[in-house]
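Worksheet: one structure, shown below.
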Amino acid sequence: MATDGKRSGPELTDAEVEALHEVELTVECLRRAHGKLVEFHHDVGHAMDHLATAESVLRESGHDDVADEIRDLYLPRGVIDEDRWSYDVLESFEADFLADLTDFEERARLEIADGRRHVAERRQERAWKDRAERE
């Protein structure tokens, strides 16, 4: 047992290992979601670039009313609630939800496993290595 009275490594209970693993998987899934939000942000930006090009081409070809609609209604519009642009959604996710759960995951690891990461995977690795040495 660790000198401060906290358990780590193989001394963790199966339930503690499972719980930490689930919390770590939560953060890993959220990091993947973050990547998808970054992709969403970039895709929206590229789409808006195409729309800006369409506005110019429409204006050049004499379709000012349609070009004005793009300029006035769609280019300045957010993706959520008219005012929230994709970068705002991304920043909110990063600063609030993702940061809070990442911090929680770190605190849980510190409290339960002395900060060790991937305790489930380390346990599995040890078991496989032990089995290989025995057989």
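Limited to region 28-86, what total is found for residues that are charged (D, E, K, R) and touching a residue at least 40 places away in the same chain (Cβ under 8 Å)? Number satisfying all stated conditions: 1.
Yes or no, residue by residue, for (1) among the small types (G, A, S); (2) within 22 Å of the chain's Cα centre (by Cα); (3) open to solvent by 40 Å² or more (accessible area, probe 1.4 Å):
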| position | (1), (2), (3) |
| --- | --- |
| H21 | no, yes, yes |
| H63 | no, no, yes |
| R71 | no, no, yes |
| E91 | no, yes, yes |
| A95 | yes, yes, yes |
| L98 | no, yes, no |
| I112 | no, no, yes |
| A120 | yes, yes, no |
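Tell me whether region 35-55 contains one or more residues that are over 22 Å from the mean Cα position of the chain (by Cα) and among the charged types (D, E, K, R). Don't jump to the end; show me each part of the working.
In the first step, residues of region 35-55 are kept if they are over 22 Å from the mean Cα position of the chain (by Cα); the result is 47-55.
Of the ones still in play, those that are also among the charged types (D, E, K, R) are 49, 55.
Checked region 35-55: at least one residue is over 22 Å from the mean Cα position of the chain (by Cα) and among the charged types (D, E, K, R).
Screening G35, G115, G78 for residues that are more than 30 Å from D14 (Cα to Cα) and in contact with a Lys or Arg (Cβ under 8 Å, 6 or more places away or on another chain) leaves exactly one candidate, G78.
One line per residue, one yes/no per condition, for (1) of a type in the set (A, V, I, L, M, F, W, C); (2) over 18 Å from V89 (Cα atoms):
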| position | (1), (2) |
| --- | --- |
| T13 | no, yes |
| E18 | no, yes |
| H21 | no, yes |
| L25 | yes, yes |
| D49 | no, yes |
| E69 | no, yes |
| L75 | yes, no |
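Of the residues making up region 34-53, none is open to solvent by 60 Å² or more (accessible area, probe 1.4 Å) and among the aliphatic types (A, V, I, L, M).
Is there a residue being of a type in the set (S, T, Y), under 30 Å from V119 (Cβ atoms) and part of a helix (DSSP H, G or I) anywhere in region 5-13? Before you say what the answer is, go through the steps one by one.
Let us first name the residues in region 5-13 that are of a type in the set (S, T, Y), namely 8, 13.
Next, from what is left, pick out any that are under 30 Å from V119 (Cβ atoms): 8, 13.
From what's left, part of a helix (DSSP H, G or I): none.
Within region 5-13, not a single residue is of a type in the set (S, T, Y), under 30 Å from V119 (Cβ atoms) and part of a helix (DSSP H, G or I).
Filtered by the rule that a residue be more than 13 Å from T26 (Cα to Cα) and of a type in the set (F, W, Y), region 97-135 gives a lone residue, W128.
The values are calculated or read from the model by the stated rules, or taken from the named source; none is laboratory data. These numbers come from a predicted model, not from an experiment. Counting neighbours? That spans all protein chains shown, and the Cβs are built from the backbone with ideal geometry, glycine included. Quick note on the areas: whole protein, heavy atoms, side chains included, nothing else; ligands and nucleic acids left out. Shrake-Rupley method; radii C 1.70, N 1.55, O 1.52, S 1.80 Å.
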